[in-house]
Amino acid sequence: MKRFENKVVLITGGNSGIGKASAILAAREGAKVMIADLKLNQQTLDEILQEGTAAAFVQCDVSKPEDMEKAVAETVALFGRLDVALNNAGIVDAAPIHEKTIEEWHKVTSVNLSGVFYGMKYEIAQMRQQPGGGAIVNVGSIMSQVGEIGIAAYTASKHGLVGMTKVAALENGTANIRINTIGPGYIETPLLMDNASAESKAYMESKHAMKRLGKPEEIAKAFLFLASDDASFCTGAYLPVDGGYLCQ
Ligand code: NDP
């Protein structure tokens, strides 16, 4: 029996990187997958479909509450319920606080923090009204625990997400809905690698005990664990998957 047989999984930012790897592994485990992202990526959808039984796309900007509400509603309209959500879409900023624009602050926090709030709001409402509850995994970061120069909006969002996850876990502990945060170290995805020089890649590698970057699939496997019955007594947790980044 596959771990996600007959389960419906919604993944924000599922076109690329960690979200895409998670969608592919969930499909391989039997899930019906809904990708919520800014624009359709047919190649990603085809790759997910090759692994599983059903996959679909809904256009969604997670920073818009009406889009998140629509993403959940369309998932339920198409697949009948929502068992698992991965609130994964995220963007990063790049300037010290005294030089950061107000617009950049709002742009990053509206995706990385408000976007996760909107996601949980509509996902939990659906999970509470269906038999069987559900599981939610929010994508935090090592920057949920420590800081890095230039990314104040990202770091504040990822710290905030851990607190919000704890509150959501407390509110839903008896509703059969588990909610956890996953904390990736630096992972080789377009978000990280698109503008990374060889020097910055070497710096990032050096920060991990394992002296390498992670792969999207290594985060996807932790997502599958937290979203599955294997994690039946885990809720409100922050799970680092970071090659030992937080050890020092
Ligand atoms: P990618 O950039 O590879 O993928 C992110 C996806 O989210 C893209 O498809 C992107 O679309 C989409 N997206 C961006 N903004 C929105 C939005 N407003 N609404 C819906 N979708 C959106 O990133 P990663 O896979 O690296 O990151 C995924 C998550 O993992 C993020 O939350 C990130 O903070 C977190 N993370 C990543 C780490 C890393 O080292 N890569 C480390 C720790 C955490 P488009 O490409 O069109 O912009």
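The values are calculated or read from the model by the stated rules, or taken from the named source; none is laboratory data. Here the structure is a predicted model, which is why all the values come from computation and not from measurement. Here Cβ is always computed from backbone atoms with ideal geometry, including for glycine, and neighbour counts include all displayed protein chains.
Could you list, in sequence order, all residues of the stretch 94-121 that are away from the ligand (no atom under 16 Å from the Cβ) and within 12 Å of the chain's Cα centre (by Cα)?
Answer for the stretch 94-121, where residues must be away from the ligand (no atom under 16 Å from the Cβ) and within 12 Å of the chain's Cα centre (by Cα): there is none.
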- Scanning the stretch 79-93 residue by residue, those within 14 Å of the ligand (Cβ to nearest atom), out of contact with any Phe, Trp or Tyr (no Cβ under 7 Å at 6 or more places or on another chain) and part of a loop (DSSP other than H, G, I, E, B) turn out to be ASN88, ALA89, GLY90, ILE91
- List pairs: first in the stretch 131-148 and within 19 Å of ALA168 (Cα to Cα) and in a strand (DSSP E or B), second within 14 Å of the ligand (Cβ to nearest atom) and of a type in the set (Phe, Trp, Tyr), Cβ under 9 Å, 6+ apart or cross-chain? VAL137/PHE223; VAL139/PHE223
- Item | Single residue of LEU192, LEU213 found to be at pLDDT below 95 and within 12 Å of the ligand (Cβ to nearest atom) | LEU192
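Determine whether ILE182 is within 21 Å of ASP229 (Cα to Cα), within 14 Å of the ligand (Cβ to nearest atom) and touching a helix residue (DSSP H, G or I) at 6+ places or on another chain (Cβ under 6 Å).
Values: within 21 Å of ASP229 (Cα to Cα): yes; within 14 Å of the ligand (Cβ to nearest atom): yes; touching a helix residue (DSSP H, G or I) at 6+ places or on another chain (Cβ under 6 Å): yes.
Taking the combined requirement at face value, the residue satisfies it.
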- Message: Filter the stretch 1-54 down to the residues that are within 15 Å of the ligand (Cβ to nearest atom) and assigned to a strand (DSSP E or B) and list them by number.
- Response: LEU10, ILE11, THR12, VAL33, MET34, ILE35, ALA36, ASP37
- Message: Here is a check on your reading of the model: is GLN145 polar (S, T, N, Q), under 23 Å from LEU224 (Cβ atoms) and more than 13 Å from the ligand (Cβ to nearest atom)?
- Response: no
- Query: If you check LYS70 against the conditions, is it at pLDDT 95 or above and over 21 Å from ALA135 (Cα atoms)?
  - Reply: no
- Subset of the stretch 28-60 (residues that are crowded, with 20+ Cβ neighbours inside 10 Å and among the acidic types (Asp, Glu)): ASP37
- Name, by its number, the condition in (1) within 14 Å of the ligand (Cβ to nearest atom); (2) touching a residue at least 24 places away in the same chain (Cβ under 8 Å); (3) not hydroxyl-bearing (Ser, Thr, Tyr) that does not hold for ALA169. (1)
- Item | Pairs with Cβ under 7 Å, 6+ apart, first in the stretch 172-199 and within 20 Å of GLU218 (Cβ to Cβ), second charged (D, E, K, R) and surrounded by 15 or more Cβ atoms within 10 Å (Cβ to Cβ) | GLY183/ASP242; PRO184/ASP242; GLY185/ASP242
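State yes or no: is VAL76 closer than 21 Å to THR189 by Cα, hydrophobic (A, V, I, L, M, F, W, C) and not in a strand (DSSP E or B)?
So VAL76 does not fit the description; no.
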- Query: For LEU224, which of the numbered conditions (1) more than 30 Å from PRO131 (Cβ to Cβ); (2) touching a residue at least 12 places away in the same chain (Cβ under 8 Å); (3) of a type outside the set (Asp, Glu); (4) part of a helix (DSSP H, G or I) fails to hold?
  - Reply: (1)
